[in-house]
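Student: Here it is, the structure in full.
Here, each number is a calculation from the coordinates, and none is a lab measurement. In this text, all values refer to a predicted model and were calculated from it rather than measured experimentally. Counting neighbours? That spans all protein chains shown, and the Cβs are built from the backbone with ideal geometry, glycine included.
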Amino acid sequence: MKPTREEAWQILGEYTKSEALVQHALAVEGVMRHFATLEGEDADEWGVIGLLHDLDYEQYPDQHCHKTAEILEERGVVPAYIRAICSHGYGICTDIEPQSRLEKTLYTIDELTGLIHAVCLMRPSRSVLDLEVKSVKKKFKQASFASGVNREVIIQGCAMLGRDLDDVVSETIAGMRQVASAIGLQGTL
């Protein structure tokens with residue numbers, strides 16, 4: 001089965017109650033849909049995978065990705081979706097190396113959306129709508145800022161995609177702008 005967006009939303013709701021984690025899932029979904037459109041790929045497929053990528057994180061953080069695989073296998077979700085989701089934990093909690101464009105994108109933007117979210121919350125506007133790449137790059141270089149964000153993963157992901165960091169940051173911001181209200185980053189603009 002390839003879950004619809006509605007089915008994915010229902011599954012996410014069963015396992016994720018934290019507003020912050022739901023907003024992160026929505027941010028990753030929005031960015032994945034944006035990149036799919038840029039790549040001429042299926043935005044619904046990329047979006048569903050983005051929405052479900054941290055499905056197990058709230059309830060099973062020490063089994064991250066592995067528990068998601070179990071949950072989705074039990075529901076009959078197609079192996080390609082499960083593999084894509086698990087690949088975003090490459091080198092951290094899984095040994096599933098991102099291969100497809102979809103997988104490499106998810107691997108790259110997962111951590112980056114967290115950094116961008118943190119940058120937005122520090123801005124007077126508290127918004128992604130007026131955010132510029134240079135503001136993100138400045139905070140990217142500051143290791144103490146959003147220290148939980150694995151910058152090495154972002155750099156490795158950019159290399160996998162064959163895109164420079166500025167380009168990936170710019171497109172990630174663009175994807176997050178499309179869902180600004182849903183992820184709490186419309187701010188005061």
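Student: Hey, what number do you get for the chain at 222 nm if only DSSP H runs of n ≥ 4 count, each worth -39500 (n - 2.57), divided across all residues, to the nearest 500?
Tutor: Dividing the helical sum by the residues of the chain leaves -19000 deg cm²/dmol.
Student: When the expected Rg is taken as 2.2 N^0.38 Å, what fraction or multiple of it is the alpha-carbon Rg of segment 96-140?
Tutor: Compactness ratio reported: 1.38.
Student: Going by average Cβ neighbours within 10 Å, how do the peptides 59-66, 153-160 rank, with the highest at the top?
Tutor: Answer by packing, highest mean first, reads 153-160, 59-66.
Student: What order do you get for 111-121, 67-77, 24-34 when each peptide is scored by the mean count of other beta carbon atoms within 10 Å, highest first?
Tutor: The peptides rank, most packed first, as 24-34, 111-121, 67-77.
Student: So how tilted is helix 151-161 from the main axis of the chain? Cα-based, degrees 0 to 90, rounded to 10.
Tutor: Roughly 70 degrees, rounded to the nearest 10.
Student: Where the centroid of each part is defined by its Cα atoms, how far is segment 1-80 from segment 95-167 in Å?
Tutor: 19 Å
Student: Hey, which of these cross-link pairs are over 30 Å Cα-Cα: 2/139; 67/141; 67/138; 17/104; 67/134?
Tutor: Too far apart for the 30 Å limit: 2/139; 67/141; 67/138; 67/134.
Student: Now, a different point. How big is the dipole moment of the chain about its Cα centre under a simple scheme where the beta carbon of each Lys and Arg is +1, that of each Asp and Glu is -1, and everything else is neutral? Debye, nearest 20, please.
Tutor: It comes to approximately 840 debye.
Student: As a test of the definition: which semi-axes, in Å, follow for segment 134-189 when you take the square root of five times each eigenvalue of its alpha carbon gyration tensor? Largest first, please.
Tutor: 21, 15, 10
Student: For the chain, what percent of Cα pairs sit more than 20 Å apart?
Tutor: 50 percent
Student: Neighbour counts of other C-beta atoms within 10 Å: give me 108, 94, 188 arranged from fewest to most.
Tutor: So the residues, fewest neighbours to most, are 188, 94, 108.
Student: Which three numbers, in whole Å and largest first, are the semi-axes of the equivalent ellipsoid of segment 15-111 derived from its Cα gyration tensor as √(5λ)?
Tutor: Taking √(5λ) for each eigenvalue gives 19, 15, 13 Å, largest first.
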